[in-house]
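Asker: Take this structure, written in structure tokens, and hold onto it; I'll ask about it next.
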Amino acid sequence: MEVLQHLMDGLLIAIQPYNLVLVTFGGILGTIVGMLPGLGPATGVAVLLPITFSMSPTAAIITMAGVYYGAMFGGSRSSILINTPGDGAALAATFDGYPMAMNGKAESALAISAIASFIGGLISVVFLMLLATPVAKFALKFGPAEYFLLMVTALAMTASMSKGNMVKGLISTLFGLAIATVGIDAQSGISRFTFGVLELQTGIDFLVVIIGLYAIGEVFKAFTDINSGKKVPQKKFGKIWITKEEWRQSWPAILRSTPLGFIVGALPGAGGTMASLMAYNNEKQISKNPENFGKGEIVGLAAPEAANNAASVGAFIPMLTLGIPGSGTTAIMMGALLMLGIQPGPLLFTQHPDIAWGLIASMIIGNFILAIVNIPMAGLLVRVLSIPSKVLYPMVLGLAFVGTYAISNSVIDFYIMVAFGIIGFFMEKAKIPSAPMILAVIVGGTMEQSFRQATRISNGSLSIFWGSPLAISLIAITIIFVAMPGIKKGFSLLKNNK
């Protein structure tokens, strides 16, 4: 009953005309950003940041969340029509979505992707409602030592889940922690790594880092293939819907993939890409006709679409309840809330219930709005795919510069932003993931302060870090995730030797 009362309070906030406009605006913008190859939700939210500074915290998080799950809806559009995923989470949609379009079933592919995204997102919001308050109450048991270990665990999980190479994930994490130490030490007053530059004494703003890595980095990457040929998507469609037989085949996969996606999304660093690929592989393994996958199997499109939307909702669990971003996009949202004076974490649901429950209620409304937008209006929306890169990327570049200047009105931030754009470009070339770095930049300062508070409480004794069952559990989880790639490799070698 308590959850229902909170939800009703949240709905009263979400249905206010201003917030309804923001939910719709964020969802449609996210859908468009998700469709455009290379951008994705993180870039969309990063570019949107300057606008949110003039909003209330509730309005800001509602808008950014709309962009996030809206991009999950939109990412599959380019996957289906031009075999180019809008972002990593839409990669699995190319496996069967594009073959469906090539087989003359583009309408069915567009419809099932929107339906699966809607169902996956809606069920996941219910999971979020039921789990958020218990997790927040549990998080109140955390002291400084537990918070430090929690952040170490989150960083280890993010690094260990990096695509193919944990070492590169750890390098990215350490680089992020180094950036977080730049500026004047809050306790000693000593300047650290400022190299005599006065503007660096206040530190490097993580929002500038984010805009540089995601927005400027994407523009630099686009310069390398801006003149490459671009597939022209189908522009004329029949009725965008599915048959009863297609629905009969799809709904069990949607219901199986939704909880899987939600759980994976709630793991810091896992994200929609891992969730969608796991859902796809799971359905292929249990299918009676696995040979049909990759040839236009509708289940192969429905499962990952439900999973990636569920993962985007699941990523809010650690951010809202623990103050640990569940993905790169929620890291940017957390940064925006911090700039607006709101600290995500276990006290958010008691101190700012309007923000927490207003957000959850807006997700319910937003999923309905996006279902309406993405099915009847799909034929109109996909025309955005025809925007030339030579027009799109200068717009992104201009918004990035305006947004960066709006953060602190400092010209030095331009140089920092461009520098991180170059860093982001070369990190992409070297296949070094940026998510661990972003997470480390954001939590680095809090992590350092938690460590210092814990050692001060224990008079310098490190035993405080293994002095409680919760702390020991976090250490064990960290060790498991760090060792996991090696364990998997060992099992693989044993299997091959047999």
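Asker: Which percent of the accessible area of segment 118-220 is formed by carbon and sulfur heavy atoms (probe 1.4 angstrom)?
Answerer: The C+S portion of the solvent-accessible surface of segment 118-220 is 72 percent.
Asker: Computing the accessible area with a 1.4 Å probe over protein heavy atoms, can you report the carbon and sulfur percentage for segment 1-108?
Answerer: Result for segment 1-108: 71 percent of the exposed heavy-atom area is carbon or sulfur.
Asker: Okay, moving on. To the nearest 20 Debye, how big is the dipole of segment 1-145 about its Cα centre, given +1 on the beta carbon of each Lys and Arg and -1 on that of each Asp and Glu?
Answerer: 140 debye
Asker: OK, next. Of the heavy-atom accessible surface of segment 408-473 (probe 1.4 angstrom), what whole percent is carbon and sulfur?
Answerer: In segment 408-473, the share of accessible area belonging to carbon and sulfur is 66 percent.
Asker: Residue-wise, which Karplus ³J(HN,Hα) couplings in Hz belong to segment 302-307, taking 6.51 cos²θ - 1.76 cosθ + 1.60, θ = phi - 60°, and x for glycine or proline?
Answerer: Going residue by residue, I get 5, 4, x, 5, 5, 5 Hz, with x marking Gly and Pro.
Asker: Report the residues of segment 186-213 in range of a label on Asn165: point 7 Å along Cα→C-beta, backbone N strictly under 14 Å from it.
Answerer: No residues fall inside that zone.
Asker: Label Phe53 and Phe401 with points 7 Å out from Cα along Cα→Cβ: what is the distance between them in nm?
Answerer: Once both label points are built, they end up 1.7 nm from each other.
Asker: Evaluate segment 1-146: find the radius of gyration of its Cα atoms, find its Kirkwood radius, and give the ratio Rg to Rh.
Answerer: Radius of gyration over Kirkwood radius for segment 1-146 works out to 1.06.
Asker: State the percent of C-alpha pairs, over all pairs in segment 289-328, separated by a distance greater than 14 angstrom.
Answerer: 58 percent
Asker: Here is a follow-up. Whole number in Å², please: accessible area per residue of the chain, 1.4 Å probe, ligands, DNA and RNA not counted.
Answerer: It amounts to 42 Å² per residue over the chain.
Asker: If you compute semi-axes √(5λ) of the Cα gyration tensor in Å for the structure shown, which of [x] 35, 26, 24; [y] 39, 24, 23; [z] 33, 31, 22 do you land on?
Answerer: [x]
Asker: Just to verify a number: FRET efficiency for Trp247 and Ser458, C-beta to C-beta distance, R0 = 56 Å, to 0.05?
Answerer: 0.40
Asker: Further question on the same structure: Could you check the spin-label model distance between Gln201 and Leu347? Points 7 Å from the Cα along Cα→Cβ, value in nm.
Answerer: Reported label-point gap for Gln201 and Leu347 is 3.0 nm.
Asker: Taking 0.36 nm per residue of sequence separation and subtracting the Cα-Cα distance, how much length would be gained by fully extending the chain between Val3 and Leu174, in nm to one decimal?
Answerer: Extra length available between Val3 and Leu174 comes to 57.6 nm.
Asker: Separation between the Asn103 and Asn289 pseudo-spin-labels, each 7 Å from Cα along Cα→Cβ, expressed in nm?
Answerer: Each label point is offset 7 Å from its Cα along the Cβ direction, giving 0.8 nm.
Asker: Ordering Phe223, Phe53, Phe349 by accessible area with a probe of 1.4 Å, largest first, what comes out?
Answerer: Ranked list, largest accessible area first: Phe223, Phe53, Phe349.
Asker: Further question on the same structure: So between Ile487 and Ala186, what do we pick up on full extension, going 0.36 nm a residue minus the alpha carbon distance?
Answerer: This chain segment gains 104.3 nm when fully extended.
Asker: Same structure, new question: Treat every Asp and Glu Cβ in the chain as -1 and every Lys and Arg Cβ as +1, leave all other atoms uncharged, and give the resulting dipole magnitude about the Cα centre to the nearest 20 debye.
Answerer: So the magnitude is around 1280 debye.
Asker: Give me the extension gain from Val411 to Ile375: residue separation times 0.36 nm, minus the current Cα-Cα distance, reported in nm with one decimal.
Answerer: 8.6 nm
Asker: Measure up Lys168/Lys284; Lys390/Lys429; Lys168/Lys221; Lys105/Lys390; Lys105/Lys284 against 24 Å on the Cα-Cα distance and list the ones that go over.
Answerer: Pairs exceeding the cut-off: Lys168/Lys284; Lys105/Lys390.
The values are calculated or read from the model by the stated rules, or taken from the named source; none is laboratory data. This is a predicted model, so every value here is computed, not measured. As a convention, Cβ positions derive from the backbone with ideal geometry for all residues, glycine included, and neighbour counts pool all protein chains shown. Heavy atoms of the whole protein, side chains included, go into the accessibility calculation; ligands, DNA and RNA do not. Shrake-Rupley method; radii C 1.70, N 1.55, O 1.52, S 1.80 Å.
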